[in-house]
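The values are calculated or read from the model by the stated rules, or taken from the named source; none is laboratory data. The structure presented is a predicted model; accordingly, all values stated were derived computationally and were not measured. Backbone-built Cβ (ideal geometry, glycine too); neighbour counts: all protein chains shown. Quick note on the areas: whole protein, heavy atoms, side chains included, nothing else; ligands and nucleic acids left out. Shrake-Rupley method; radii C 1.70, N 1.55, O 1.52, S 1.80 Å.
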Amino acid sequence: MDRAEVDARIRAIVEPFNKKGTEIDEDTTFAGDLEFDSLTVMDFVAAIEDEFDIIISMNQQAEIETWGNLVDAVTETQN
Amino acid sequence: MSEGIDEPDRPEARAGEGRDLFSKFDDLIAMREGLLSTGQEDPFNLVMEKVLSPTRAICNGRDTILLGTYNYMGMTFDEDVIAAGKQALEDYGSGTTGSRVLNGTYSGHKACEEALKEFYGMGHAMVFSTGYQANLGIISTIAGKGDYIVLDIDSHASIWDGCAMGNAEVVPFKHNDIEAMDKRLGRIPEGAGKLVVLEGVYSMLGDIAPLKEMIAVAKKHGAMVLVDEAHSMGFIGEHGRGVAEDQGCLDDVDFVIGTFSKSVGTVGGFCVSNHPKFEIMRLVCRPYVFTASLPPSVVATAATSIRKLMHGSNKRAHLWENSKRLHQGLTGLGFELGTKEPQSAIVAVIMPDLERGAAMWEALLKEGLYVNLARPPATPANMTLLRCSLCAEHSAEEVETILGMFERAGKAVGIV
Ligand SMILES: Cc1ncc(COP(=O)(O)O)c(C=O)c1O
């Protein structure tokens, strides 16, 4: 699966969590721009894990700050 | 406030100096100040001037019923427990001044471990200086680099800190969600070591885990299982061994973590296990090695208390009656509780927000009742809770008195 497809699929997942409809680009941050709290993060990560049948451990999550980081990390698991 | 008064208090930013490391706490400081400026009594600064019994104390000058301790079995003033502690204090002195692996293991520590092995019917027991350290030490030591820890998202801070201290990959799942746990275990790379960490009773809402189903799933994936039974020891299960005993799956638990700071009525923590290599933990577990052992009087009181808890079935029955009556009574008054049915000795009352939670806490204190105020981030789903924990020494009449206090305070604050 290429990066653009991963991006598109995560975009569909994030929609219900993006309560304010914030415009998302590569540099959008989850804690800052999207105002995700820890509970939202857990549900969002679980939805991505189920969609791609992967695990994103807390250790990996700690490295993910922006939308671009997330798409990169998930793309890597698909190759 | 005029600028003239404001100005001198403001720290001058001097070139070349770092910023105040405490500035990260500013939001919390402001929240506390906001709460206390309304004249609210500080919920996190209560002083017990005198302790009259396991269920009563003089708090901030008032005679108060205690409904917010973890003294579930009321062992703190047990005659035999006190006598054992006094004797050990006289015979062995006030402290060991050393680590368990150097000069800090006395016969009392071994006797305490023997009592635990008998209590749980397990081959090995290791006593730590606190339950916090038991979780910290066991989890961080057994799950290493390349291993996976799969744990419930509502786990106690000591479990999270044990995960943070080690090098394993940490994978949380939604509270008590068997399917979510199953899926995550199934995705762990082949060959990696797996540790599943669960609790018997979750102390914020007082709900229990479906351990039998969860442990079966963990075993299907070849994981080892650690269960923290801090809030069930002495009370739940036929012999008071906890939720795993009650659900008939204790034999499948690889490690039970517990504490002396709740039903046992003193301080300390432990891990019991049947793992054939368990004793090596004493040499490799840093929170066991690099801290002083418990004082002789503490292990003597713990061992005596643990042995008495083996025969505590009458007390267990009375504590269940108390929990059921309080749960039913509060539900009848219109309070929203953390569980539909009473599942443990903890009954959590859900407050609409922190302000009214704190007001209710204070109204109860003025009535002469102490409960625990729990607030985010320690609580699930950012709830504010008034956590009530019952004691086997609360009389049936006291529970009725408590319900009356809740009714008056709840009406005064406008919650029911
Ligand atoms: C679930 C759980 N585990 C561990 C602990 C730690 O116990 P201790 O008070 O002995 O450090 C506690 C108590 O705070 C707890 O609630």
Please enumerate, by chain and number, the lysines with C-alpha under 19 Å from the C-alpha of B:Lys411, excluding those fewer than 8 residues away in the same chain.
B:Lys366
Per residue, in Å², the accessible surface of chain A once ligands and nucleic acids are set aside, probe 1.4 Å:
56 Å²
Please check region B:375-412 for residues whose accessible area, probe 1.4 Å, is lower by 50 Å² or more when all protein chains are in place than in their chain alone.
none
Any chance you could check region A:27-76 for residues losing 30 Å² or more of accessible area when the partner protein chains are in, compared with the chain on its own (1.4 Å probe)?
A:Leu39, A:Met42, A:Glu49, A:Asp50, A:Asp53, A:Ile55, A:Ser57, A:Met58, A:Asn59
For B:Met181, what charge total do you get from the other residues with a beta carbon under 10 Å from its beta carbon, if Lys and Arg give +1 and Asp and Glu give -1?
-2
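At the nearest 100 Å², what buried accessible area, both sides summed, do you get for B and A when the probe is 1.4 Å? Please list the in-between numbers first.
Values: alone 19080 and 5040 Å², together 22940 Å².
Its buried surface, counting both partners, is about 1200 Å².
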Given B:149-159, A:11-21, the highest-first ranking by average Cβ count within 10 Å works out to B:149-159, A:11-21
B:Gly123 long-range amide H proximity, modeled H, under 5 Å
B:Ser273, B:Asn274
Straight distance only, please: which aspartates and glutamates reach the Cα of B:Lys86 with their own Cα at less than 18 Å, same-chain residues fewer than 8 apart left out?
B:Asp78
Tabulate in residue order the Karplus-calculated ³J(HN,Hα) for region B:57-63, using 6.51 cos²θ - 1.76 cosθ + 1.60 with θ = phi - 60°, rounded to whole Hz; enter x for Gly and Pro.
8, 8, 10, 6, x, 10, 6
Counting only residues 5 or more places away or on other chains, whose amide H sits under 5 Å from the amide H of A:Leu34 once H atoms are built in the peptide plane?
A:Thr29
If you restrict to DSSP beta bridges whose two residues both lie in chain B, what percentage is antiparallel, to the nearest 5?
60 percent
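For chain B, the longest stretch holding no GluC sites (Glu not before Pro) located in a DSSP loop with at most 10 other Cβ atoms within 10 Å is which?
Details: sites that count: B:Glu12, B:Glu17, B:Glu190, B:Glu238.
That would be B:239-416.
If contacts are Cα pairs under 8 angstrom and at least 6 residues apart, what is the relative contact order of region B:80-309 in percent?
On the way: 480 pairs, mean separation 74.0, N = 230.
After rounding, I find 32 percent.
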List, in order, the whole-Hz ³J(HN,Hα) value for each residue of region B:204-217 obtained from phi through the Karplus relation with A = 6.51, B = -1.76, C = 1.60 and θ = phi - 60°; use x for Gly and Pro.
6, 9, x, 8, 9, 9, x, 4, 4, 5, 5, 5, 4, 5
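Below 8 Å between Cα atoms, with a sequence gap of 6+, how large is the relative contact order for region A:3-78 in percent? Working shown, then result.
Details: 50 pairs, mean separation 33.5, N = 76.
Relative contact order of region A:3-78: 44 percent.
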Of the heavy-atom accessible surface of region B:227-309 (probe 1.4 angstrom), what whole percent is carbon and sulfur?
54 percent
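Determine the percent antiparallel among the DSSP beta bridges restricted to the protein assembly as shown, to the nearest 5. Let's see the in-between values first.
Details: 32 of 52 bridges.
Around 60 percent of the beta bridges assigned by DSSP in the protein assembly as shown are antiparallel ones.
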Grab the other residues whose beta carbon is less than 13 angstrom from that of B:Ala84, score K and R as +1, D and E as -1, and report the net.
-2
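Using a 1.4 angstrom probe on heavy atoms only, work out the carbon and sulfur share of the accessible area of region B:28-72 in %.
Details: 1350 of 2350 Å².
In region B:28-72, the share of accessible area belonging to carbon and sulfur is 57 percent.
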Rel. contact order, % - alpha carbon contacts under 8 angstrom, at least six apart, chain B
22 percent
What nm value, rounded to one decimal, do you get for the distance between B:Lys220 and A:Ala31 when each label is placed 7 Å out toward the C-beta?
3.6 nm
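Skip the ligands, DNA and RNA, and give the accessible area per residue of chain B with a 1.4 Å probe, whole Å². If you can, show how the numbers build up before the last one.
Values: 18520 Å² over 416 residues.
Result: 45 Å² of accessible area for each residue.
With runs of 4+ DSSP H residues as the only contributors, calculate the mean residue ellipticity of chain B at 222 nm using -39,500 (n - 2.57) per run, divided by the residue total and rounded to the nearest 500.
My calculation for chain B gives -12000 deg cm²/dmol from helical runs alone.
Within region A:3-78, what whole-number % of the accessible surface is contributed by carbon and sulfur, with the 1.4 Å probe and all protein chains included in the calculation? Provide the component values of the computation, followed by the final result.
Working: 1970 of 4120 Å².
For region A:3-78, the apolar C and S fraction of the accessible surface comes to 48 percent.
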Measure of compaction for the protein assembly as shown (Cα Rg per 2.2 N^0.38 Å):
1.06
Where Lys and Arg each count +1 and Asp and Glu each count -1, what net charge lies around A:Ala31 among other residues with Cβ under 9 Å from its Cβ?
-4
Unsatisfied cross-links (Cα-Cα over 31 Å) in the set B:Lys220/B:Lys262; A:Lys19/B:Lys262; B:Lys110/B:Lys340; B:Lys174/B:Lys262; B:Lys24/B:Lys262
B:Lys220/B:Lys262; A:Lys19/B:Lys262; B:Lys110/B:Lys340; B:Lys24/B:Lys262
